[in-house]
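S.K.: Here it is, the structure in full.
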Amino acid sequence: MDTIEFYDVKKRAKVAVPVSSVKKTKYERETKDGGTQVRYAVKAEHEGSRLTKFVGKDLWDSLDVPMV
């Protein structure tokens, strides 16, 4: 995988960003019943727009990029 496809809201179009400029992050929150929900995401900046895409854990684990 050389690129990851993001949706740019400002351009209203999909853009391809090289994996080398992508960083990964995870969002954790506590649910009402006391459990923890984890969402995995990748972030990038492309032509002045900050982009975020939620991905599955398997793709998130397979990426060898720094964490935010």
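S.K.: Hey, any hits in segment 1-24 for a residue that's touching an Asp or Glu at 6+ places or on another chain (Cβ under 6 Å) and of a type in the set (D, E, K, R)?
M.R.: Within segment 1-24 (the criterion being touching an Asp or Glu at 6+ places or on another chain (Cβ under 6 Å) and of a type in the set (D, E, K, R)), the answer is yes, since at least one residue qualifies.
S.K.: Same structure again: Would you please list the contacts, defined by Cβ atoms under 9 Å and residues six or more apart or on different chains, that run from a residue in segment 29-52 that is among the aromatic types (Phe, Trp, Tyr) to a residue that is loosely packed, with under 15 Cβ neighbours inside 10 Å?
M.R.: Final answer for the pair search is 40/25; 40/26; 40/27; 40/54; 40/56; 40/57; 40/59; 40/61.
S.K.: May I pose another question? So which residues in segment 2-21 are assigned to a loop (DSSP other than H, G, I, E, B) and either on the phi > 0 side of the Ramachandran plot or free of Cβ contacts under 8 Å to residues at least 12 places away in the same chain (or both), if there are any at all?
M.R.: 12 - this is the single residue of segment 2-21 that is assigned to a loop (DSSP other than H, G, I, E, B) and either on the phi > 0 side of the Ramachandran plot or free of Cβ contacts under 8 Å to residues at least 12 places away in the same chain (or both).
S.K.: Going through segment 12-59 one residue at a time, which ones are loosely packed, with under 10 Cβ neighbours inside 10 Å and within 13 Å of residue 1 (Cβ to Cβ)?
M.R.: 20, 58 - these are the residues of segment 12-59 that are loosely packed, with under 10 Cβ neighbours inside 10 Å and within 13 Å of residue 1 (Cβ to Cβ).
S.K.: For segment 1-43, name all the residues that are within 15 Å of residue 59 (Cα to Cα) and of a type in the set (Lys, Arg).
M.R.: Within segment 1-43, 23, 24, 26, 39, 43 meet the criteria.
Just so you know, all these numbers are worked out from the coordinates, no wet-lab data involved. Remember, predicted model here, so these are calculated numbers, not experimental data. Counting neighbours? That spans all protein chains shown, and the Cβs are built from the backbone with ideal geometry, glycine included.
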